[in-house]
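The values are calculated or read from the model by the stated rules, or taken from the named source; none is laboratory data. Keep in mind the model is a prediction, meaning the values are calculated, not measured. No Cβ is skipped: glycine too gets one built from the backbone with ideal geometry, and neighbour counts run over all protein chains shown. Side chains are part of the model used for accessible areas, which takes the heavy atoms of the whole protein and leaves out ligands, DNA and RNA. Shrake-Rupley method; radii C 1.70, N 1.55, O 1.52, S 1.80 Å.
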Amino acid sequence: MRRDERLASILDAAAGVFAGRGFGGCTMRDVAKACRISPGSLYRHVGGTADLYYRVQRRILEAAVASAEATQMARTARDRLRAVVTDHIRRVIARPGEAEVIRGGPSPLPERQRQTIEGLRVRYLALVGAAIDDVVRPKVRRKRDTERRTELLLGMADRHAWNAAHADGPARPDRLATPLLTLFLEGARRAGK
């Protein structure tokens, strides 16, 4: 396996370990075991638990931002919002820990890394918020209102994704996004009256 493939494999396994145990409950030995490699081999790829945690978060958020930016090509504002929400649900079904990374929270990372992660998170949330505002078209665009709508929609999407991931049948993110958006947009429309 090439070095970049091995690192991608390590980051995938680490994301699962962090999702299950959190940063404080995770050791390099846990990640090495999940990767089926020795701790020494793991240290050849990453500098330690904090470095690994940073790389996992950065990878998740860079992928989320790239995906949200790719939806800018959708024909209509509603199609763009549906694409953003469908992708978010798909990501959270595949890796439930991603929802926690996107929501954010206290971080054990050094200041510079924490700022990088927060910058990516803010960029993703701004892209989702802009997609919402383009559909809802509030009379006055207030940053805090956009943030609340974004938190509400992503929270609803996270819950739908969690339910789908724990259902018996196969999860269909596209089928989950449509009724979720209908409910959300109806509520936003009524609140805007």
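As a fraction of the 1.4 Å probe accessible area of the chain, surface on carbon and sulfur atoms comes out at 52 percent.
Any idea what the dipole of the range 1-140 comes to, in debye rounded to 20, about its Cα centre with Lys/Arg Cβ at +1 and Asp/Glu Cβ at -1? Please list the in-between numbers first.
On the way: 25 positive and 15 negative charges, 34 e Å.
Roughly 160 debye for the range 1-140.
Across the range 134-193, Cα-Cα pairs more than 16 Å apart make up 49 percent of the total.
Per residue, the range 53-193 exposes an accessible area of 58 Å² to a 1.4 Å probe, with every protein chain left in place. Scoring 52-60, 107-115, 64-72 by mean Cβ neighbours within 10 Å over their residues and listing the highest first yields 52-60, 64-72, 107-115. Along its principal axes, the range 45-193 has C-alpha extents of 52, 41, 27 angstrom, given from the largest down. Farthest toward the positive end of the dipole of the chain, out of LEU120, LEU81, ALA157, is the Cα of LEU81, where the dipole comes from beta carbon charges about the Cα centre. Within the assembled protein chains, the solvent-accessible surface assigned to HIS166 is about 110 Å², based on a 1.4 Å probe. Plainly put, the range 52-110 has a radius of gyration that is 1.04 times its Kirkwood radius, both from alpha-carbon atoms, as the Rg/Rh ratio.
For n ≥ 4 DSSP H runs only, could you compute -39500 (n - 2.57) per run for the chain, divide by its residues and tell me the 222 nm figure to the nearest 500?
On the way: 9 runs with 147 residues, N = 193.
Value at 222 nm, helices only: -25500 deg cm²/dmol.
Ranking GLY104, ALA94, GLY40 by Cα position along the charge dipole of the range 27-117, where only Lys, Arg, Asp and Glu carry charges on their C-beta atoms, puts ALA94 farthest toward the positive end.
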